[in-house]
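The values are calculated or read from the model by the stated rules, or taken from the named source; none is laboratory data. This structure is a prediction, so every number in the text was calculated from the model and none was measured. Every residue, glycine as well, gets a Cβ built from its backbone with ideal geometry; the counts of neighbours run over all protein chains shown. Accessible surface areas use protein heavy atoms only, side chains included; no ligands, DNA or RNA. Shrake-Rupley method; radii C 1.70, N 1.55, O 1.52, S 1.80 Å.
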Amino acid sequence: MSVLPEYPRPQLVRDSYVNLNGWWEYGVGDEEGYEGRILVPYSPESPMSGVERRLLPGETLWYRRELVVPEGAGGRVLLHFGAVDQCCRVLVNGVEVGAHTGGYLPFAFDVTDVLSGGVDTLVVAVRDDTDTGYGSRGKQKLDRGGIWYTPQSGIWQTVWAERVPEPWVERLTLTPHLADGCVEVTVHASAGRALVTVLAGETEVARAEAAAGEAVRLPIPGVRAWSPEDPFLYDVTVRLGDDTVRGYVGMRSFGVGPDADGVPRLLLNGRPYFHAGVLDQGYWPEGLYTPPSDAAMVHDITTMKRLGFTMLRKHIKIEPLRWYHHCDRLGILVWQDMVNGGGPYRPVVVTAPVLTPLRLDDRRHRWFGRADAAGRAEFEAELRATVELLRNVVSLAVWVPFNEGWGQFDAARIAGELRALDPTRTIDHASGWHDQGAGDLKSLHVYFRRFRPPSPDGRVLALTEYGGYSLRVVGHDQGEKEFGYKRFGTAGELTEAFVRLHEREIIPAVPLGLAATVYTQLSDVEDELNGLLTYDRQVLKLPAEAVRRINAKLTGTAEA
């Protein structure tokens with residue numbers, strides 16, 4: 001059975017590839033044992049898995065299948081996992097080849113030395129504490145409801161294997177320098193020299209040689225800048241010994257600077273550019289964290305782009321790399337949240353600021369569920385790994401380390417470390433509330449009050465969550481509960497309120513300094529019925545023309 005067969009790593013493509021998605025054996029118990037089939041990479045809690053069973057803290061989920069390796073001889077065989085939630089051990093032919101903690105990041109093990117030359121057996125053992133520990137968990141909650149969603153566990157992104165020669169290209173760093181008309185390339189490998197070629201379509205525009213680990217700049221004549229309106233991508237080919245990989249780069253720059261009136265704005269390619277965004281949870285009724293198909297991800301992106309949005313805020317989740325690839329090639333900006341963790345959250349910290357202007361010092365770790373030093377260290381390690389994973393994403397414009405105080409700590413210091421890791425992007429250090437005065441944005445969430453631009457403080461003003469208007473579409477809902485920040489009974493009432501909100505409060509704030517908006521949200525999710533789309537993505541609740549007209553006024557495009 002072909003399940004998510006597409007190549008999972010679009011910016012480091014190698015011809016050697018075996019997809020291991022499909023039916024595996026599974027079981028739950030302290031000891032290894034199997035009781036049925038599960039469709040990988042769908043978590044056992046999801047309908048598409050064929051299991052629909054919750055993994056509880058303290059339980060072990062076992063997976064088993066035959067390990068099919070790429071054809072050929074020599075070199076090394078690498079086994080890749082896109083993401084496994086939350087802690088796992090991997091065994092091949094009974095030998096543990098590695099372990100991994102953290103449910104949102106890819107990892108790989110070299111399994112060459114344990115292969116039998118015949119039939120090889122792959123076993124994965126998974127445990128998941130969900131929200132009973134301090135590990136990153138996003139919006140998963142065992143006691144789901146409201147803004148918190150059904151927990152999921154286990155393998156939820158593609159599993160695959162590849163054969164590589166020695167030495168091989170382990171990763172690439174591709175940094176565009178638009179103002180200088182060049183791209184900086186670093187080929188990460190254990191040894192050797194690499195030939196780097198940049199192409200515009202079929203035409204070679206630059207080439208250079210460099211030693212492994214050495215940064216080299218390649219001038220690009222007549223450089224064509226990337227933007228949502230013209231998402232042009234240059235192809236990149238790297239040859240290192242017997243290894244060849246392919247990727248791409250977009251020539252763009254992000255920053256902060258004044259407009260003609262001296263008002264701080266977000267810059268794209270050196271010019272003010274309004275980020276008209278929508279909150280994107282990345283949940284699916286069939287697969288929870290895992291999309292039912294590659295086309296489903298494309299549908300979300302193209303639908304929002306068709307509605308006039310220029311940005312998606314990926315909320316408290318790291319997506320499969322193919323999602324970012326589609327944003328790059330289709331042309332839409334991305335704000336990337338880090339995934340929250342920590343201990344239990346206090347309502348006075350995470351909920352009260354919805355209604356009251358409360359700002360707490362996030363160095364008081366216990367208040368924010370961050371008393372555990374090991375949990376804080378784990379978050380920072382995952383932040384560094386996330387930056388490295390997504391560094392080459394062309395469309396990624398803004399990092400968001402913390403949201404609404406969920407597991408927040410030392411946000412000003414974290415913003416500084418993030419800036420050192422990646423000086424090419426903008427930082428929203430504390431989205432919503434508990435502003436520590438750092439980062440590039442003054443970031444506000446406004447649901448129950450009228451939005452009034454605050455006094456300038458030198459940072460860019462961004463309304464990073466608002467709206468959340470709900471409408472139940474019978475036959476496209478899930479359950480009897482309904483969560484939304486304001487409820488409506490008909491599509492006409494919803495449309496009228498949506499337009500009124502923007503015409504009276506949001507659009508007039510743009511000349512006063514508002515530079516980015518994030519409407520809540522792209523689709524319904526479980527109890528939340530406040531999506532522009534229903535959870536199944538079958539119904540757009542508002543007329544497309546009404547949404548396009550509002551976004552055109554926000555962005556200042558000709559349609560307004």
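Taking segment 307-337 only, how many residues are of a type in the set (A, V, I, L, M) and either without any contact (Cβ under 8 Å) to a residue 24 or more places away in the chain or open to solvent by 10 Å² or more (accessible area, probe 1.4 Å) (or both)? Qualifying residue count, segment 307-337: 2.
Does Thr130 meet the test of being closer than 30 Å to Gly241 by Cα, of a type in the set (S, T, N, Q) and either touching a Phe, Trp or Tyr at 6+ places or on another chain (Cβ under 9 Å) or buried (at least 18 other Cβ atoms within 10 Å of the Cβ) (or both)? Spelling it out, it is not the case that Thr130 is closer than 30 Å to Gly241 by Cα, of a type in the set (S, T, N, Q) and either touching a Phe, Trp or Tyr at 6+ places or on another chain (Cβ under 9 Å) or buried (at least 18 other Cβ atoms within 10 Å of the Cβ) (or both).
When Thr426, Thr351 are checked against the criterion of being open to solvent by less than 30 Å² (accessible area, probe 1.4 Å) and of a type outside the set (D, E, K, R), a single residue qualifies: Thr426.
Taken together, the criteria place Asp536 among residues that are touching a His at 6+ places or on another chain (Cβ under 8 Å), acidic (Asp, Glu) and either within 27 Å of Gly287 (Cα to Cα) or not in a helix (DSSP H, G or I) (or both). Looking across segment 413-449, the residues that are closer than 29 Å to Ala179 by Cα, out of contact with any Gly (no Cβ under 7 Å at 6 or more places or on another chain) and part of a helix (DSSP H, G or I) come down to Ile414, Gly416, Glu417, Leu418, Arg419, Ala420, Leu421. I want to confirm something. Restricting to segment 451-487 and keeping residues that are polar (S, T, N, Q) and closer than 21 Å to Leu312 by Cα, which single residue is surrounded by the fewest Cβ atoms within 10 Å (Cβ to Cβ)? It comes out as Ser470.
Scanning segment 100-135 for residues that are at pLDDT 95 or above, touching a helix residue (DSSP H, G or I) at 6+ places or on another chain (Cβ under 6 Å) and more than 23 Å from Arg64 (Cβ to Cβ) turns up just one, Leu105. If we scan segment 39-46, do we find a residue that is among the aliphatic types (A, V, I, L, M), within 19 Å of Thr121 (Cα to Cα) and open to solvent by less than 30 Å² (accessible area, probe 1.4 Å)? Among the residues of segment 39-46, at least one is among the aliphatic types (A, V, I, L, M), within 19 Å of Thr121 (Cα to Cα) and open to solvent by less than 30 Å² (accessible area, probe 1.4 Å), which makes the answer yes. The residues in segment 9-32 that are within 14 Å of Val126 (Cβ to Cβ) and part of a loop (DSSP other than H, G, I, E, B) can be counted, and the count is 3.
Within segment 402-423, track down each residue that is under 17 Å from Gly341 (Cα atoms) and either open to solvent by 40 Å² or more (accessible area, probe 1.4 Å) or among the acidic types (Asp, Glu) (or both). Correct list: Glu404, Asp410. Of all the numbered requirements in (1) surrounded by fewer than 16 Cβ atoms within 10 Å (Cβ to Cβ); (2) farther than 30 Å from Pro221 by Cβ, Thr173 misses one, and that requirement is (2). Of the set (1) assigned to a loop (DSSP other than H, G, I, E, B); (2) in contact with a strand residue (DSSP E or B) (Cβ under 9 Å, 6 or more places away or on another chain); (3) surrounded by 17 or more Cβ atoms within 10 Å (Cβ to Cβ), all apply to Gly341 but (2).
Inside segment 191-245, residues that are in contact (Cβ under 8 Å) with a residue 60 or more places away in the chain, within 19 Å of Leu178 (Cα to Cα), open to solvent by less than 40 Å² (accessible area, probe 1.4 Å) and in a strand (DSSP E or B) make up a count of 2. Selection of segment 282-306 for residues being in a loop (DSSP other than H, G, I, E, B) and open to solvent by less than 10 Å² (accessible area, probe 1.4 Å) yields Gly282, Tyr283, Gly287, Tyr289, Thr290, Pro291.
Just to verify a result, which residue in segment 429-450, among those that are among the hydrophobic types (A, V, I, L, M, F, W, C) and buried (at least 17 other Cβ atoms within 10 Å of the Cβ), is modelled with the lowest pLDDT? The qualifying residue modelled with the lowest pLDDT is Trp433.
Does Gly277 satisfy the condition of being in a strand (DSSP E or B) and either among the β-branched types (Val, Ile, Thr) or more than 17 Å from Gln11 (Cβ to Cβ) (or both)? Answer is yes for this residue. Pairs linking a residue in segment 374-399 that is in contact (Cβ under 8 Å) with a residue 24 or more places away in the chain and over 25 Å from Trp226 (Cβ atoms) to a residue that is open to solvent by 50 Å² or more (accessible area, probe 1.4 Å) and part of a helix (DSSP H, G or I), with Cβ atoms under 7 Å and 6 or more positions apart or on different chains, are Arg384/Leu421.
Out of curiosity, is Thr490 under 20 Å from the mean Cα position of the chain (by Cα), among the polar types (S, T, N, Q) and surrounded by fewer than 22 Cβ atoms within 10 Å (Cβ to Cβ)? For Thr490, the condition - under 20 Å from the mean Cα position of the chain (by Cα), among the polar types (S, T, N, Q) and surrounded by fewer than 22 Cβ atoms within 10 Å (Cβ to Cβ) - is not met. Entry remark, segment 92-123: residues being farther than 22 Å from Ser16 by Cβ, assigned to a strand (DSSP E or B) and open to solvent by less than 30 Å² (accessible area, probe 1.4 Å) number 1 in total.
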